[in-house]
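Just so it is clear, none of the values below were taken in a lab; they were calculated from the coordinates. Bear in mind that the values here come from a model prediction, so they are computed numbers and not experimental data. Quick reminder, even Gly has a Cβ in these numbers, built from the backbone with ideal geometry, and neighbours come from all protein chains shown.
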């Protein structure tokens with residue numbers, strides 16, 4: 001068995017033989033070294049973060065000062081929905097002293113409950129025109145649990161534990177909180193049913209969106225052809241660096257998993273101009289210098305919506321990256337955990353009461 005070395009070219013059969021010997025010894029090759037075409041390592045040729053960065057989304061400013069993201073094409077008279085930003089609220093917990101107040105919508109340790117509830121009323125007013133519209137939040141835990149919600153939930157002392165919710169009741173807003181995870185909103189245009197889902201990487205692997213659409217079909221008879229969906233801002237592929245274990249989790253669940261990952265090279269102008277300063281004596285494959293693995297959770301959830309039967313034209317990607325557009329969004333990663341929360345909200349006006357089946 002001989003590798004044709006002295007170049008980057010290798011004999012695939014020889015490498016497979018090596019893998020067999022490693023397996024017999026209970027070992028595996030370093031995944032950062034050369035890999036055969038069947039390796040679990042995602043290969044995209046390497047890209048710069050700028051190539052994956054989404055466009056900055058269009059922002060709408062309400063009369064009360066709240067800045068939020070509308071969904072293009074969703075101007076239906078019975079539907080009220082949108083994605084919040086960090087701008088236009090009462091919170092002082094996450095901004096400099098001289099800065100305007102911010103719209104933290106999460107009951108975090110750093111902010112006061114009255115302030116957060118005031119922010120939620122501001123958001124409800126901006127989206128529905130009525131500050132008294134109940135905002136139904138969840139106690140999220142990165143699951144695929146989806147609950148059927150209603151007006152009775154507005155009077156609960158504590159929120160329900162779930163990562164998705166569906167309702168047929170008008171005059172309330174379903175909400176999911178995010179600070180890097182992906183929010184997904186879904187509406188049934190015929191049945192007048194709405195839903196909101198919180199999809200971090202764990203929830204995405206657990207198919208929270210596919211599960212949610214399935215629940216809409218089971219509970220209310222929704223048909224995929226009648227559904228439309230919007231994917232909101234989160235940590236985009238340009239910034240969402242993950243470990244090999246995340247790729248392995250996706251590969252265990254999705255045949256297209258490798259299409260959701262990119263090798264990203266940091267575009268550091270100092271390293272580009274002075275590469276000799278960053279040489280390392282560590283063995284090949286063990287140096288921190290090189291590409292990092294980035295996950296595209298937006299595309300992952302878009303694929304789940306397609307697999308659920310939605311038409312491509314019925315799926316809107318609003319855009320925005322919470323990590324690199326920090327002036328507009330809160331980011332748990334970018335702030336090392338000291339961050340507020342945004343909300344994705346969706347509801348129906350009373351005149352848009354659900355049609356009977």
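The packing ranking of peptides 243-253, 129-139, highest mean first, is 129-139, 243-253, where packing means the average number of other beta carbon atoms within 10 angstrom of each residue. Here each label is just a point 7 Å from Cα along the line to Cβ, and for residue 154 and residue 292 those points are 4.4 nm apart.
For segment 94-192, what class follows from the C-alpha gyration tensor (a ≥ b ≥ c being the square roots of its eigenvalues): rounded when a/c is under 1.5, otherwise prolate if a/b is larger than b/c, else oblate? It is prolate, given that a/c is not under 1.5 and a/b is the larger ratio. Working from label points 7 Å from Cα in the Cα-to-Cβ sense, the residue 161 to residue 327 distance is 4.2 nm.
Label reach from residue 202 (point 7 Å along Cα→C-beta): in segment 126-147, amide nitrogens under 13 Å belong to 140-145.
When 348, 342 are arranged by Cβ crowding within 10 Å, least crowded first, meaning fewest neighbours, the order is 348, 342. Is the shape of segment 223-270 rounded, prolate or oblate, going by the alpha carbon gyration tensor and its root eigenvalues a ≥ b ≥ c, with a/c under 1.5 for rounded and a/b larger than b/c for prolate? In terms of gyration-tensor shape, oblate. Taking segment 192-246, how much of its Cα-Cα pair set, in percent, is spaced more than 18 angstrom apart? When all Cα pairs of segment 192-246 are counted, 43 percent exceed 18 Å. The ranking of 74, 68, 201 by Cβ neighbour count inside 10 Å, starting from the fewest, reads 74, 201, 68. The stretch between residue 56 and residue 223, if pulled fully straight at 0.36 nm per residue, gains 56.9 nm over its current Cα-Cα span. Taking the number of Cβ atoms within 10 Å of each Cβ as an exposure proxy, the fewest-first ranking of 294, 142 is 142, 294.
If R0 is 41 Å, the Cβ-Cβ spacing of residue 245 and residue 132 corresponds to a FRET efficiency of close to 0.35. Rounded is the label for segment 49-159, because the ratio a/c of its alpha-carbon gyration tensor axes (a ≥ b ≥ c) stays below 1.5.
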